[in-house]
1. Listed highest first by mean packing, meaning other Cβ atoms within 10 Å per residue, what order do 163-170, 152-159, 381-388 come in?
2. Using a cut-off of 11 Å between beta-carbons, work out the net charge of the residues near G71 (Lys and Arg +1, Asp and Glu -1, G71 not included).
3. Of the heavy-atom accessible surface of region 1-54 (probe 1.4 angstrom), what whole percent is carbon and sulfur?
4. Assigning unit charges at the beta carbon (Lys, Arg +1; Asp, Glu -1) and nothing else, what dipole magnitude in debye, to the nearest 20, does region 224-353 show about its Cα centre?
5. Convert each backbone phi in region 87-92 into a coupling constant with the Karplus relation 6.51 cos²θ - 1.76 cosθ + 1.60 (shift: θ = phi - 60°), then list the ³J(HN,Hα) values in order as whole Hz, x for Gly and Pro.
6. Under a Cβ-only charge scheme (Lys and Arg +1, Asp and Glu -1), can you give me the dipole magnitude of the chain about the Cα centre, in debye to the nearest 20?
7. Per residue, how many Å² of accessible area does the chain show with a 1.4 Å probe?
8. Just read off the accessible area of F223 with the full protein assembly in place, 1.4 Å probe, to the nearest 10 Å².
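The values are calculated or read from the model by the stated rules, or taken from the named source; none is laboratory data. Everything quoted here is computed from the prediction, not taken from an experiment. Heads up, the Cβs are rebuilt from the backbone with ideal geometry, glycines too, and the neighbour counts pull from every protein chain shown. For the accessible areas, the whole protein counts, side chains as well, though only heavy atoms, and no ligand, DNA or RNA atoms are used. Shrake-Rupley method; radii C 1.70, N 1.55, O 1.52, S 1.80 Å.
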Amino acid sequence: MGVTVLFLVFIGGLIVGIPVAITLGISSLAYLLLSGIPAVVMPQKMYAGMDVFVLLSIPGFILAGNLMNRGGITQRIIRFANSLVGWIRGGLGLTNIAASMLFGGITGTAVADAASIGGVMIPGMKKAGYPADFSAAVTAASSTVGPIIPPSVPMIIVGALSGISVGQMFLAGAIPGILMGLAMMVTAYVISRRLNFPRQPWQGFKEVAKSFAGAFWALAMTFLIIYGLLSGLATPTETAIVASVYAFIVGAFIYRELPVRELPGIVVESGTSAAGILALVGFANVFGWILVSERIPQTIADGVLSFTDNRFLVILLINLLLLFVGMFMETIAALIILFVPLLSLAEAVGIEPLHFATFAVLNLMIGLTTPPVGVCLFVCAGIARLPLMPVVKAILPFLLTNIAVLLAVSYIPALATWLPSLLIK
């Protein structure tokens, strides 16, 4: 009875539009009350879920991203990306994707990418003659690369859940993220050629060098983060704090576009965003504990294995489940609830944890651009001032491209595991 109520309240909350974190809390509390379990268990399990040292890196990376965004990073990265690919047919679309690959490696979140890059690129593309739906679609699709190329907030969550090194998780996402970006560039180019989208004149190597010099300090932040983790000089949490200090120095004293008086507001904004994520982690941990105590993960694993123990088929089933869940549930909540039980299933058929973690995150990132709860779709449609459906139609080719990359990563483990095995001994 308790489990039935748990799922009915959870699904009902999602249907009526209650935020996912609150829905998780309400459904978990209903289960505890019906099962006669003391309600004091809820704050205990919430605290246990949030009391993980590596999760302290999340506020740091969010703060670093906000500082760099306010400090002039967006314009400089877009200018550098445009100098590289803007001269190709549909060049602003390619610039959009390239900028997301570079910018996402700093913020680690897709929504920040969609809002920051989209706020500049979507109006610029419309003004240059690109259709509004294509402009919004390419921005939403490319924003999903951000949480895959390191640093990545979802990768940090997975590391905390599984015990996999966050440094390994970051490196595991690098090649899949680059593949996604390149595949979307090819898709954008094909669409641009077919519809004869505009192109810009080649600006010369002087502009490439000048724009690179302007974006150098912003791009160096990614290398600072990766070096700190790989060298062993700093933990992910310490690296996030160093990145925040670095971002402040670059924005305030090198780019000189970050007024010191804005610092308190940026800290409060970053703290609010981080608090929302950590509250979601806490509520989801209670929900996940209930599932484990009711042996739901074991039941799922046994059910699938009784149907098939073929590794390739199990991977396909996991992908279908995560793609479906990603259409309706927020990424972090889905990871906390589903990652551990699905990891048990994956290990049972011989899938390496690092490999599974990588394609699981890819699945849920793609969910950010699928209706009805594709957050990046709503952000970009709002910037483009369009209804949702035209953007959904325009993003379909990019979704198919990303799913093709997802299948490649799912069935070729080396795409996720080769770089970590090479650089981390």
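1. 152-159, 163-170, 381-388
2. Details: positive: R70, R76, R256; negative: E257, E262.
Once positives and negatives cancel, what remains is +1.
3. 76 percent
4. My answer is approximately 160 debye.
5. With coefficients 6.51, -1.76 and 1.60, one gets 7, 7, 3, x, x, 5 Hz.
6. Here the chain has a charge dipole of around 1440 debye.
7. Details: 17570 Å² over 425 residues.
Spelled out: the 1.4 Å probe surface of the chain, per residue, equals 41 Å².
8. 150 Å²
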